[in-house]
Amino acid sequence: MRHLFLFCFLTFTFLFTGLTDSFAACGNSPVYAVWAAPQGEGKTLLYYAIKTKNKWTKPIQLSLEQGFHITPVIAVDSKGTVWIVWIEQKDDENVLSYAVIRQDKIETGRVLANTKAEQSYAPVILIDQQDKPWLAWSGVQEGQLADIYVSSWQDKGWGQAVLVNQPNKTPDITPLLGLREGKQLWVSWFGINQQKIYVHFTAELHDGKWQTAKETRSVENLKAFISQRTHIEPFPEQAGTWLTGALFSGLDCEIQSINERFASFHNTGDIQ
């Protein structure tokens with residue numbers, strides 16, 4: 001069942017994605033890029049770069065153990081701390097992993113430290129006005145289909161994973177995080193409605209609890225929603241050949257960090 005879900009999930013993701021050479025960005029802040037570069041024998045390396053004054057820096061390799069690191073996302077807080085999150089595939093697990101880069105010091109670890117047989121996918125990241133990082137991802141519990149979870153940084157580590165979507169018997173996948181008017185945190189994702197049609201659900205955080213809106217967005221409406229909040233920014237040529245990547249476009253953007261799933265969707269609007 002786990003491998004069948006993984007196959008269906010990745011099939012949907014890559015049909016939805018396609019590889020693209022353009023990403024979303026806004027504002028005048030420096031743009032940060034992160035990507036997974038193939039190394040052969042089922043291994044990848046993670047790199048990131050910074051764009052200032054219309055020029056990208058030389059790619060910086062993130063020092064990690066050899067393995068298959070995929071779907072990285074990146075955010076940078078007001079102090080310049082770099083937050084990178086990705087999925088590491090090892091053995092039978094898909095592990096949600098993170099790196100925090102403060103000046104020359106790097107801290108790495110698992111987001112879900114005490115989870116066994118972890119199956120996590122499609123992370124996204126955001127920094128709120130208090131400089132607190134937030135994560136959302138799609139996760140699979142034993143015997144269930146995918147659900148959407150959120151966690152935030154709590155001083156020395158990631159807090160407890162909180163289930164966002166209502167319990168159901170259908171997969172909830174590919175989340176997106178946003179901060180409306182600089183204060184209202186929201187997460188949206190693809191799920192199946194009562195008419196068995198894929199739509200985009202949205203939940204907002206109110207008084208510490210996630211509340212799912214009754215209204216949903218169609219695929220075409222989601223395209224317009226993303227388009228209004230992003231601009232096209234070319235990915236750095238220095239990345240060379242890469243598998244997956246993302247851009248961080250600034251703290252002043254409602255959608256701060258966007259990966260190739262949504263960048264490709266922004267360009268085409270086609271998930272068929």
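The values are calculated or read from the model by the stated rules, or taken from the named source; none is laboratory data. Keep in mind that this is a model prediction, so the values were computed, not measured. As a convention, Cβ positions derive from the backbone with ideal geometry for all residues, glycine included, and neighbour counts pool all protein chains shown.
Scan W137, W83 and give me the residue that is in contact with a Ser or Thr (Cβ under 7 Å, 6 or more places away or on another chain), aromatic (F, W, Y), in contact (Cβ under 8 Å) with a residue 24 or more places away in the chain and crowded, with 20+ Cβ neighbours inside 10 Å.
W137
Of all residues in segment 181-239, count the ones that are of a type in the set (A, V, I, L, M) and touching a Ser or Thr at 6+ places or on another chain (Cβ under 7 Å).
Total satisfying the criteria: 5.
Looking at segment 125-145, which of its residues are in contact with a helix residue (DSSP H, G or I) (Cβ under 9 Å, 6 or more places away or on another chain), of a type in the set (A, V, I, L, M) and assigned to a strand (DSSP E or B)?
Across segment 125-145, the qualifying residue is only V140.
Just the residues that are basic (K, R) and over 24 Å from E215 (Cβ atoms), please, taken from segment 117-171.
Once the filter is applied, which keeps residues that are basic (K, R) and over 24 Å from E215 (Cβ atoms), segment 117-171 yields K132, K156.
Considering every residue within segment 198-220, establish whether at least one is touching a residue at least 12 places away in the same chain (Cβ under 8 Å) and assigned to a helix (DSSP H, G or I).
Checked segment 198-220: at least one residue is touching a residue at least 12 places away in the same chain (Cβ under 8 Å) and assigned to a helix (DSSP H, G or I).
Would you check which residues across segment 87-124 are of a type outside the set (V, I, T), surrounded by 18 or more Cβ atoms within 10 Å (Cβ to Cβ) and without any contact (Cβ under 8 Å) to a residue 60 or more places away in the chain and list them?
E88, L96, S97, A99, L112, E118, S120, P123
Given (1) modelled with pLDDT of 90 or more; (2) within 28 Å of N221 (Cα to Cα); (3) in contact with a Ser or Thr (Cβ under 8 Å, 6 or more places away or on another chain); (4) not in a strand (DSSP E or B), where does P175 come up short, assuming only one miss?
Result: P175 fails condition (4) only.
So how many residues does segment 51-73 have that are farther than 16 Å from I106 by Cβ, touching a residue at least 12 places away in the same chain (Cβ under 8 Å) and either assigned to a strand (DSSP E or B) or within 20 Å of the chain's Cα centre (by Cα) (or both)?
So the count comes out to 9.
Looking at segment 140-152, which of its residues are closer than 20 Å to A203 by Cβ and either among the hydroxyl-bearing types (S, T, Y) or in contact (Cβ under 8 Å) with a residue 24 or more places away in the chain (or both)?
V140, L145, A146, D147, I148, Y149, V150, S151, S152
Looking only at segment 146-170, count how many residues are modelled with pLDDT of 90 or more and either assigned to a strand (DSSP E or B) or surrounded by fewer than 20 Cβ atoms within 10 Å (Cβ to Cβ) (or both).
The qualifying residues number 16.
Looking at G240 and the list (1) closer than 30 Å to F68 by Cα; (2) in contact with a helix residue (DSSP H, G or I) (Cβ under 9 Å, 6 or more places away or on another chain); (3) modelled with pLDDT under 85, which single condition is not satisfied?
So G240 meets the others, but not (2).
Among residues belonging to segment 179-229 that are over 20 Å from P133 (Cβ atoms) and hydroxyl-bearing (S, T, Y), point out the one that is nearest to the chain's Cα centre (by Cα).
Among those that are over 20 Å from P133 (Cβ atoms) and hydroxyl-bearing (S, T, Y), it is T202.
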